[in-house]
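The values are calculated or read from the model by the stated rules, or taken from the named source; none is laboratory data. What you see is a predicted model; the values in this text were computed from it and never measured. Cβ placement follows ideal geometry from the backbone for every residue including glycine, while neighbour counts extend to all protein chains displayed. These accessible areas exclude ligands, DNA and RNA; they are computed on the full protein's heavy atoms, side chains included. Shrake-Rupley method; radii C 1.70, N 1.55, O 1.52, S 1.80 Å.
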Amino acid sequence: MEFLYGTWHWAISGFLIGLMMLVLIYFGKSFGMSSNLRTLCTIAGAGKHSDFFKFDWREQKWNLAVVLGAILGGFVAYHFLSNETGVELNPKTIEQLVTMNIDAPNGKLVPDAIFGMDILQTPKGFLILLLGGILIGFGTRYAGGCTSGHAISGLSNLQLPSLIAVIGFFIGGLVMAHIILPLIF
């Protein structure tokens, strides 16, 4: 059981994701997490107010199971399969965080200066999170899917729009990390 407690090599995860994509392609399905928000809104009755939400959500039950599995899997992994070693960051990354007055995560996945609950109590932090949420929501809809949908499902189906979207995601991430984040903090 010890192999469950540590991090796995990227090739194992990549192989399992590829295997899952072959199964989805075989059954004519496509993977993506952001489409589940539309499904949940449809279940809640949003079709009464917008034609966008008028579709048979029962065809997407399998994708809702993926979301539930991701939530349950994360819970089980964190609470029962963790070896308590935490996350080790590259020392250069920690140096860059310090120059922006961002505390090192100290074994956590994210620093409190960006993702802590205290950030919501400051106007700057609240606006950053609000604007970021709006941009992600709009961007996901505008791009026709999220990073997982395009990078995993779209690329495995050899879709050119997904390749363009993934290149845009990487460029956006680099711009955020190296230009915008230092300006904000």
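Scanning the range 160-173 for residues that are open to solvent by 70 Å² or more (accessible area, probe 1.4 Å) and more than 15 Å from the chain's Cα centre (by Cα) turns up LEU160, PRO161, LEU163, ILE164, ILE167, ILE171. Across the range 135-159, the number of residues qualifying as more than 15 Å from the chain's Cα centre (by Cα) and within 22 Å of TYR26 (Cβ to Cβ) comes to 6.
Can you find a residue that is part of a loop (DSSP other than H, G, I, E, B), open to solvent by less than 80 Å² (accessible area, probe 1.4 Å), closer than 22 Å to THR147 by Cα and not polar (S, T, N, Q) anywhere in the range 71-86? Within the range 71-86, none of the residues are part of a loop (DSSP other than H, G, I, E, B), open to solvent by less than 80 Å² (accessible area, probe 1.4 Å), closer than 22 Å to THR147 by Cα and not polar (S, T, N, Q).
Condition check ((1) open to solvent by 80 Å² or more (accessible area, probe 1.4 Å); (2) over 17 Å from ASN36 (Cβ atoms)) across all residues:
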{"position": "ILE119", "(1), (2)": "no, yes"}
{"position": "PRO123", "(1), (2)": "yes, yes"}
{"position": "ILE134", "(1), (2)": "yes, yes"}
{"position": "GLY137", "(1), (2)": "no, no"}
{"position": "THR140", "(1), (2)": "no, no"}
{"position": "GLY144", "(1), (2)": "no, no"}
{"position": "SER148", "(1), (2)": "no, no"}
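Of the residues making up the range 95-114, those that are part of a helix (DSSP H, G or I), open to solvent by 60 Å² or more (accessible area, probe 1.4 Å) and farther than 18 Å from LEU129 by Cα are GLU95, GLN96, VAL98, THR99. Of the residues contained in the range 58-67, one or more are found to be at pLDDT below 90, open to solvent by 60 Å² or more (accessible area, probe 1.4 Å), of a type in the set (Asp, Glu) and over 19 Å from GLY137 (Cβ atoms). Of the residues making up the range 24-57, those that are surrounded by fewer than 10 Cβ atoms within 10 Å (Cβ to Cβ) and assigned to a helix (DSSP H, G or I) are TYR26, LYS48, ASP51.
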